[in-house]
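Below is one structure, written out as structure tokens; comments come after it.
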Amino acid sequence: MALIKGEIETLKQLKRELNRYGFYQLDSLEKVEEFKRDYIVRRQEIISDVEREFENELVNLKKYSIKLKTSMHVKKNRVAEILLKHMASIDMRHYIIEPVDEDYFDKANRFLVGSYYFFKRSFIATNMNRIIQLRTIFLNKKLNTTEAKIEKFVHSREKIIGERLSPKTKALDQTQQIINRLYPKIAGAIGESRVVKEIKKLPDNYILFNDYSLKFRRPIYNRSEKDRIFSIQIDHLLVTNSGVFNIETKNWSAATLQNPEMRSPIDQIERTNFAMFILLNAPSGNSRVRIYNSKLPKRKIPIRNVVVMINNRLPEESGYAKILSLHELNSYVQWFDPIFSDAEVQKICEYLEHLKKVV
């Protein structure tokens, strides 16, 4: 398996962005892809759960309403029964035979007692419904509240479900929005990860540098292009027995290919190729590299430019870079004859790593 050095730059950028928004759980490209793939299903599951909870609550409210109505009916009958028994008890007092030998005070007392029970019976008979209502007032309030809630559930179903959904889907939707906004970085990270996975299939004398970046204290000047190169960033730099491959990866959609504002990968790779040629093949008298490249092979180190298109191919070919699909990459880099020994490949890698510390 090929030796891999360094982390993919777009993946590092993606992690920084996700961490900035607090999405620490999305700590790998696989988890990001899984979230994007499962977003619609997960959202629908939340909706289904909320709808199911709503329907269950409505069913329970209806059951509770029936239970309250039954309790109300039983309570009313019980109160009515007690009141009727009380009235019957009062009526029995009027059928008691009056004593023959009672004096004036006894008659007055019996009259007062009788009047009391008469008015009491009259009050009960006149206000029976009111008394029953008062005795069942708390049950009635519960029933009215429950019935009002049922009516609200029935007539405002979508609104209630929406209100309950909002806090549960908010975080999910925000994550999806951020991921959509970061899609160019995600697509880039996916493309570069696939390239790394493909190159890993090569033998262990192939050495891959991910995100090979250099900043120059003194810019490299490309006279023919009148271009001062202050820094370079290479997606993948593959060091092999046949030379060095400067690999640029693009995971572009068809729409992106047609976008005139997108910078051509050929232009990008041309600048990095010129800088790498100077650094690897400059004459020993060049003050920039004479101290550090003394151990490099004396032969010229070929630098071959490759643009790997993950999905859609560039509409035109280029004489400056080989444009390949992912499955063509390994066969292409293995096609060239070896000109360096494994020891020389190792020296080139050591030199490349040393450059990152000194330029």
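Bear in mind that the values in this text are calculations on the coordinates, not laboratory data. Note that the structure is a prediction, hence the values are computed from the model and not measured. Every residue, glycine as well, gets a Cβ built from its backbone with ideal geometry; the counts of neighbours run over all protein chains shown.
Observations, loosely collected:
- Unit charges on C-beta of K, R, D, E only; dipole of the chain, Debye: 780 debye
- By the compact-protein rule of thumb, 2.2 N^0.38 Å, the alpha-carbon radius of gyration of region 1-60 corresponds to a ratio of 1.80.
- Remark on region 186-238: hydrodynamic radius 13.2 angstrom, per the Kirkwood mean of 1/r across alpha carbon pairs.
- Here the convex hull built on the C-alpha positions of the chain has a volume of 242 cubic angstrom per residue.
- Given charges at Cβ of Lys, Arg, Asp, Glu: region 131-227 dipole, positive-most of Ala148, Leu134, Ile178: Leu134
- Share, in percent, of DSSP beta bridges within the chain that are antiparallel, nearest 5: 55 percent
- Volume per residue for region 131-244 equals 264 cubic angstrom (convex hull of Cα atoms).
- Based on alpha-carbon atoms, the Kirkwood radius and the radius of gyration of region 45-97 give Rg/Rh equal to 1.56.
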